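Engineer: This is the structure I have questions about; it appears just below.
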Amino acid sequence: MASRSMNNYRRWPIHTTLIIVCTLMLIPFYWVIKTSLTGENLFSYPPAILPQNPNPYYFVDAWYFVPFVRFFANSVIVAGLAITANLILNALAGYALTRHFAGKRLVVLVLLSSMMIPFHATIIPAYLITRELGLLNTHLGLALPAFSHVVLIFVFKASFDAVPNSLIEAARLDGLSEWRIIYKIMLPLAKPAVATNIILSFIWSWNDFLWPLMIIRDVDMQTLPLGLSTFQSYFEDTTGSLYAFSVMVLAPGLLVFLLAQKEFIRGLTSGASKG
Amino acid sequence: MATVTLNSLYKNYGETEVVHGIDLEVGHQEFVVLVGPSGCGKSTTLRMVAGLEDITRGEIWIDDTCVNELEPQHRDIAMVFQDYALYPHMSVFQNMAFSLQYRGHDKSDIRRRVLAAADILNISELLERRPKQLSGGQRQRVAMGRAIVRDPKVFLFDEPLSNLDAKLRVSMRGEIKKLHRRVATTSIYVTHDQVEAMTLADRIVIMNAGNIEQIGTPDEVYSKPASVFVAGFVGSPTMNLLPAELTAADDGLAVRLDNDIALRIPETKRQRYANYVGQPVVFGLRPENILWSPNGAAQNDALIRRTAEEIEPLGSDTLVFFSIGGREVVGRLPPNSVRRIGETVSVLPEMDAMQLFDPASGKAI
């Protein structure tokens, strides 16, 4: 007991620093939530630290003045497609990269190099391909560029690398095909990588603004970030409703993250230390 | 019936040939142990039999089927791995039942087989546990159980005991032997531990640098090693090997070890060695064939007197090290026969048990 309190005592500078940093990072979130409940002008002085007369009016406002449910459904469909595709494609690619094959180094090199090219640099070819495929203004077209993220392939690879080869060989002797080895052995042993893939592909898809802006023509096909900008253009005095809208956009992402954060953090740090 | 036949089996990794055309026949229900030092090709050979490594040249037959092109799951074999290879996310029952599920067995049959195997291996009470909740020995049993439930034609064991501590290794060795008597399946077992090989095998295959040095029963490879390598590998301590010269004595042959030591070759062996008179040979004698002879007659020309340079008391006997012709020799002498380093040791070599080897080829003469 004595040594534990001694340890806690010694750690107080770190804890204090972390609390301050966390508070600074949480302040904007707090401010968004507070404003969504009060509609207080951003520039009002002195600013109220605690919400004055909080009410859900602005949430109702945001819900009814734009087709929020439609935007939400579009975002969910696109995120669902992106998550499913990322899980399948990245797991397959990650597994392939744990095997030996001719030209593996080159493939790894090409994949890693492609991470250095920003999406904005390839957005025009991506648009042209999507148009040729007839996928403009569709859910599939929205999700297609987010079907696989190289960094998430390597998250799977790192996780699969930690699975002993003898397990794969045992599965092969047990009669499993390569597909079933991935599905029955590798994925259950790579839960953190699965969580990481789900969270990151969800967040990237959920928050994407530029690509939907390029390929969506109809209001009915807009996702939440596009809807947010539409909403902004509808109203002049939007402070409370805009913030309420923002909270509603943010909430699912936060929820997904909170539900899977333990596995997510393990996924990001897998391979960082032995065992 | 389940036999395994290897015909001129080669394995190359790129330009490097690691298995140089080995031939082996494993009989029905036979327990064959491949033993040799690290890198001798024993595990590679086993993995080729399992289908986990491609065969560069040669053929592997299981019964009347050439399995070269067959996938591992179609060879009707089961393998026990060094690290057990249990699926960590499944219970013991699920681990054992897993392969049966993919081979079309119905649930009642799977349950019956798993419970029967668990009963044989004494792991019935562990069926609901996960591998991480088991000790090393228990995991090893589960790994064997997973192989048994399949009722395969051939069991393959890849150093299954090397992750266990010394005491557990001895007890699991006994378990494997009992298990083989009970399920009587053709088995190929790989180990680098020659004691494991001696205790388990019906026949031992001693491998060195990708070649088979000798195939024989444990008794044969121990008492009649086919080469200097086998003599130096099998036994603990291994056979004493000394450079010597075969000479003609008054009434027969003698092997000269040193200026003052020329040992007469027994009559029964003279004919075999007659052609080597005047040639250098390697003289081999097991430590237990060096007999303590404190009261040996000084005039007995076979008596060797040397100074004890090192003593290792083992309880049941004592290993005494001394030199002949500058080479270290060890004798397994009765306990307390030599108490101190520096004491004079009087021993008589048991010449009926000696072996001679050709120093050029390393093969037994």
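The values are calculated or read from the model by the stated rules, or taken from the named source; none is laboratory data. This is a predicted model, so every value here is computed, not measured. Note: ideal-geometry Cβ built from the backbone for every residue, glycine included; neighbour counts use all protein chains shown. To get the accessible areas, we keep the full protein, side chains included, count just its heavy atoms, and leave off ligands, DNA and RNA. Shrake-Rupley method; radii C 1.70, N 1.55, O 1.52, S 1.80 Å.
Engineer: Name the residue that is surrounded by the most Cβ atoms within 10 Å (Cβ to Cβ), counting only residues in the range B:94-109 that are of a type outside the set (Asp, Glu) and part of a loop (DSSP other than H, G, I, E, B).
Structural biologist: B:105
Engineer: How many residues, within the range B:94-117, are more than 34 Å from the chain's Cα centre (by Cα) and within 10 Å of chain A (Cβ to nearest Cβ)?
Structural biologist: 4
Engineer: Let me ask something else about it. Can you tell me how many residues in the range B:68-82 are in contact (Cβ under 8 Å) with a residue 60 or more places away in the chain and outside any loop (DSSP other than H, G, I, E, B)?
Structural biologist: Selection size over the range B:68-82: 4.
Engineer: Moving to a separate point now. Could you tell me which residue of the range B:81-93 is most open to solvent (accessible area, probe 1.4 Å), considering only residues that are among the hydrophobic types (A, V, I, L, M, F, W, C) and more than 9 Å from every other protein chain (Cβ to nearest Cβ)?
Structural biologist: In this case the residue turns out to be B:93.
Engineer: Further, regarding this structure: Of the numbered conditions (1) in contact (Cβ under 8 Å) with a residue 40 or more places away in the chain; (2) more than 26 Å from residue B:145 (Cα to Cα), residue B:13 satisfies every one except a single condition; which is it?
Structural biologist: (1)
Engineer: Test residue B:190 against the criterion of being crowded, with 23+ Cβ neighbours inside 10 Å and more than 23 Å from residue B:364 (Cβ to Cβ), and give yes or no.
Structural biologist: Criteria met by residue B:190.
Engineer: All but one of (1) open to solvent by 20 Å² or more (accessible area, probe 1.4 Å); (2) more than 14 Å from every other protein chain (Cβ to nearest Cβ) hold for residue A:183, so report the exception by its number.
Structural biologist: That leaves (2) as the condition not met.
Engineer: For the range A:158-180, enumerate the residues that are open to solvent by 40 Å² or more (accessible area, probe 1.4 Å) and away from every other protein chain (no Cβ under 14 Å).
Structural biologist: Matches in the range A:158-180: A:161 only.
For (1) assigned to a helix (DSSP H, G or I); (2) out of contact with any helix residue (DSSP H, G or I) (no Cβ under 7 Å at 6 or more places or on another chain); (3) surrounded by 11 or more Cβ atoms within 10 Å (Cβ to Cβ), each residue gets a yes or a no:
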position	(1), (2), (3)
A:28	yes, yes, no
A:70	yes, no, yes
A:84	yes, yes, yes
A:90	yes, no, yes
A:100	no, yes, no
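Engineer: Looking only at the range A:194-211, decide whether some residue is in contact with a Leu (Cβ under 7 Å, 6 or more places away or on another chain), closer than 16 Å to residue A:90 by Cα and within 14 Å of another protein chain (Cβ to nearest Cβ).
Structural biologist: Scanning the range A:194-211 turns up at least one residue that is in contact with a Leu (Cβ under 7 Å, 6 or more places away or on another chain), closer than 16 Å to residue A:90 by Cα and within 14 Å of another protein chain (Cβ to nearest Cβ).
Engineer: Another question, if that's okay. Name the pairs: first residue in the range B:332-345 and under 15 Å from residue B:295 (Cβ atoms), second residue of a type in the set (Phe, Trp, Tyr) and open to solvent by less than 10 Å² (accessible area, probe 1.4 Å), Cβ to Cβ under 7 Å, at least 6 apart or on different chains?
Structural biologist: B:345/B:322
Engineer: Separate question: When both residues are 6+ apart or on different chains and their Cβ atoms are under 6 Å apart, which pairs have a first residue that lies in the range B:110-130 and is more than 14 Å from residue B:144 (Cβ to Cβ) and open to solvent by 10 Å² or more (accessible area, probe 1.4 Å), and a second that is among the aromatic types (Phe, Trp, Tyr) and part of a helix (DSSP H, G or I)?
Structural biologist: Once the first residue is more than 14 Å from residue B:144 (Cβ to Cβ) and open to solvent by 10 Å² or more (accessible area, probe 1.4 Å) and sits in the range B:110-130, its partners that are among the aromatic types (Phe, Trp, Tyr) and part of a helix (DSSP H, G or I) give B:127/B:93.
Engineer: Got at least one residue in the range B:156-163 being more than 26 Å from residue B:73 (Cα to Cα), more than 14 Å from chain A (Cβ to nearest Cβ) and open to solvent by less than 20 Å² (accessible area, probe 1.4 Å)?
Structural biologist: Within the range B:156-163, not a single residue is more than 26 Å from residue B:73 (Cα to Cα), more than 14 Å from chain A (Cβ to nearest Cβ) and open to solvent by less than 20 Å² (accessible area, probe 1.4 Å).
Engineer: Tell me, please, whether a residue that is touching a residue at least 40 places away in the same chain (Cβ under 8 Å), hydroxyl-bearing (Ser, Thr, Tyr) and not in a helix (DSSP H, G or I) can be found in the range B:220-228.
Structural biologist: For the range B:220-228, residues touching a residue at least 40 places away in the same chain (Cβ under 8 Å), hydroxyl-bearing (Ser, Thr, Tyr) and not in a helix (DSSP H, G or I): present.
Engineer: Could you tell me how many of the residues in the range B:293-333 are assigned to a loop (DSSP other than H, G, I, E, B), at pLDDT 85 or above and surrounded by 13 or more Cβ atoms within 10 Å (Cβ to Cβ)?
Structural biologist: Residues flagged as assigned to a loop (DSSP other than H, G, I, E, B), at pLDDT 85 or above and surrounded by 13 or more Cβ atoms within 10 Å (Cβ to Cβ) within the range B:293-333 amount to 3.
Engineer: Just name the residue that is nearest to residue A:263 (Cα to Cα) out of those in the range A:202-231 that are among the hydroxyl-bearing types (Ser, Thr, Tyr) and out of contact with any Ser or Thr (no Cβ under 9 Å at 6 or more places or on another chain).
Structural biologist: Top of the filtered list is A:229.
Engineer: Restricting attention to the range B:54-80, which residues are at the interface with chain A (Cβ under 10 Å from one of its Cβ atoms) and touching a Leu at 6+ places or on another chain (Cβ under 9 Å)?
Structural biologist: Of everything in the range B:54-80, those that are at the interface with chain A (Cβ under 10 Å from one of its Cβ atoms) and touching a Leu at 6+ places or on another chain (Cβ under 9 Å) turn out to be B:72, B:73, B:75, B:77, B:78, B:79, B:80.
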